[in-house]
Amino acid sequence: MDVNDCDDEQARTGARSSMWGGRFADGPAAVMERINASIDFDKRLFRQDIAGSKAHCRMLMETGIIPRDDGAAILAGLDQVLQEIVEGRFAFSTALEDIHMNVESRLREIIGPAAGRLHTARSRNDQVATDFKLWTRDAIDGLDARLTALQAALLDQAEAHADAVMPGFTHLQAAQPVTFGHHMLAYVEMFGRDRGRLRDARARLNECPLGAAALAGTGFPIDRAMTADLLGFDRPAANSLDAVSDRDFAVEVLAAASLCAVHLSRLAEELVIWTSAQFRFVALSDRFTTGSSIMPQKRNPDAAELIRAKTGRVIGHLNGLLIVMKGLPLAYSKDMQEDKEPVFETVETLDLCLSAMAGMVADLTVNRDRLAAAAGAGFSTATDIADWLVRELGVPFRDAHHVTGAIVKLAEDKGVGLEDLSLADLQSVEPRITGGLRLDSAGSAAARTSLGGTAPDRVREACTAARQRFLNPEDRT
């Protein structure tokens with residue numbers, strides 16, 4: 001071992017001994033330091049860690065647990081640490097393991113021994129739970145804003161194309177004509193539910209772990225309600241064991257994110273299909289497509305394909321954290337250090353995907369002529385025949401269904417669409433049919449006037465209602 005190695009080992013030993021006190025005489029093995037340290041990823045909690053420490057310090061001052069002079073020095077020192085990190089002047093140390101000890105160590109360098117009073121009546125266990133909840137709460141708010149922007153883009157397209165008739169599919173087979181606006185509104189509802197799930201998770205996580213200490217609470221006369229209030233929590237967590245070992249909030253966010261990613265993937269898949277030469281329902285500009293290295297005619301919907309793929313990563317993170325947590329006894333175990341990276345990466349991934357999808361939705365050009373031409377394919381207005389027979393002739397629906405099937409067979413044998421059959425053709429199957437039966441796709445869509453239906457007037461009403469529900473500023477608070 002050369003001199004530099006000796007110095008590094010002494011630095012590790014000194015940092016570890018200072019952190020843990022007199023119980024450990026030697027520093028960790030290099031591999032132990034690598035596997036144990038979390039600073040490489042948890043340093044992004046610095047704002048939350050410092051905010052939690054400042055709230056804890058103010059409470060300790062107000063309750064008389066630490067002298068006010070020391071508390072004031074701690075608060076000023078924490079502000080300096082925050083400024084150093086923001087400005088990129090802070091030297092993070094792997095030997096100090098995590099963001100908590102990095103901040104505390106630098107605080108001691110700035111203000112001296114008074115820094116040691118900050119950790120009175122708390123543990124890294126309740127500290128990290130608090131930091132992580134604060135970060136997750138902020139992340140939820142950011143995702144909600146992204147989802148709102150995506151809904152706005154979808155609503156813009158829905159309103160612009162409320163009367164653009166297109167084929168509605170089941171089993172990816174033409175089923176009945178719908179409008180493009182109606183189709184866009186389906187995704188507005190999906191992403192609205194995603195926002196609701198994230199908000200539900202936010203409401204449940206908004207209990208403050210600070211003051212639970214390591215697992216059993218503390219004998220100091222702390223005011224947990226005060227720290228909860230200072231940090232914007234609704235209340236202190238009720239049970240100290242649960243407070244430090246709960247990661248339900250992280251799992252809930254991953255679950256909500258996974259379902260949101262599934263919705264994004266479904267829309268992405270439709271964009272991939274719709275932009276293909278075989279469909280040509282919509283087109284994306286150069287801003288959201290790529291070319292081919294060998295085929296100059298290609299315009300590839302790579303952004304949509306990548307969103308579709310990244311869904312697997314998000315779902316994988318949910319599975320991973322569930323597996324980490326499934327066998328842990330109360331209270332805290334080091335396994336729980338593995339909770340943050342999946343949440344961090346999921347939030348980053350979902351944020352990116354939501355932004356990209358909002359951009360694509362706003363960018364897409366709708367080929368109304370192509371949609372209309374495809375809307376009547378596959379005898380998609382057949383249900384209109386059955387409905388007309390029930391409504392106008394009083395035929396039981398099952399009998400009307402049978403008659404309609406015979407009319408479809410006739411059109412198929414003739415090699416024509418239903419709208420091309422003559423009145424005589426229709427009457428050869430059911431003599432009571434009159435000229436009042438309309439079988440064009442636009443008329444079919446316009447007839448679907450029930451609440452939530454695809455008729456253009458209903459779509460316009462639904463757009464107005466959705467803007468009020470989802471985009472009203474009061475709804476974002």
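Quick notes
- Extending 7 Å from Cα along the Cβ direction at Gln468 and again at Arg44 yields two label points whose distance is 3.9 nm.
- Cross-link partners of Lys409 among lysines, defined as those whose alpha carbon lies under 29 angstrom from its own and excluding same-chain residues fewer than eight positions apart, are absent.
- Tensor-based shape of region 75-125 (alpha-carbon gyration tensor, a/c under 1.5 rounded, otherwise prolate or oblate): oblate
- Protein accessible area in the chain, 1.4 Å probe - carbon and sulfur %: 52
- The gain in end-to-end length when the Asn36 to Glu305 segment is fully stretched comes to 93.2 nm, 0.36 nm per residue minus the alpha carbon separation.
- Cα-based values for region 30-117, radius of gyration first and Dmax second, are 13.5, 43 Å.
- Overall form of region 103-205 per C-alpha gyration tensor (a/c, 1.5; a/b vs b/c): prolate
- Extension gain (nm, one decimal) between Ile273 and Asn239, 0.36 nm per residue minus Cα-Cα: 7.1 nm
- Taking the longest Cα principal axis of the chain as reference, the axis of helix 248-274 is set at about 30 degrees.
- Using a simple spin-label model with pseudo-atoms 7 Å out from Cα toward Cβ, Ala160 and Ser333 lie 5.3 nm apart.
- Spatially, region 220-284 and region 402-435 are offset by 52 Å when compared through their Cα centroids.
- Eigen-decomposition of the gyration tensor built on the alpha-carbon atoms of the chain gives equivalent ellipsoid semi-axes of 62, 24, 19 angstrom, largest listed first.
- Evaluated at q = 0.18, 0.22 Å⁻¹, the base-10 log of the normalised Debye intensity for region 132-268, with identical point scatterers placed on the Cα atoms, takes the values -0.98, -1.23.
- Rolling a 1.4 Å probe over the protein chains gives Ser265 an accessible area of about 20 Å².
- Computed lengthening from Asp286 to Leu451, 0.36 nm per intervening residue step minus Cα-Cα distance: 55.6 nm
- Against the chain, whose longest principal axis comes from its Cα atoms, helix 46-62 is set at around 50 degrees.
- Angle in degrees between helix 68-86 and the longest Cα principal axis of the chain, rounded to the nearest 10: 50
- With all protein chains modelled, accessible area of Met226 [1.4 Å, Å²]: 50
- Prolate/oblate/rounded label for region 377-470 (Cα gyration tensor, a/c 1.5): prolate
- For His317, the accessible surface of its heavy atoms amounts to roughly 40 Å² (probe 1.4 Å, protein chains only, rounded to the nearest 10).
- Quotient of Cα Rg and 2.2 N^0.38 Å for region 250-347, N being how many residues it contains: 1.47
- Sites Ala362 and Asp229 - FRET efficiency at Förster radius 41 Å, r taken between beta-carbons, to 0.05: 0.50
- Label-point separation, Thr94 to Leu352 (7 Å along Cα→Cβ), nm: 2.5
- Calculated accessible area for the chain comes out at 47 Å² per residue, all protein chains present (probe 1.4 Å; ligands, DNA, RNA ignored).
The values are calculated or read from the model by the stated rules, or taken from the named source; none is laboratory data. Small disclaimer: the values here were computed from a predicted structure and weren't measured. Using ideal geometry, Cβ is built from the backbone for each residue, glycine included, and neighbour counts are taken over all protein chains shown. Ligands, DNA and RNA are stripped out before the accessible areas are found, and what is left, the full protein with its side chains, is counted by its heavy atoms. Shrake-Rupley method; radii C 1.70, N 1.55, O 1.52, S 1.80 Å.
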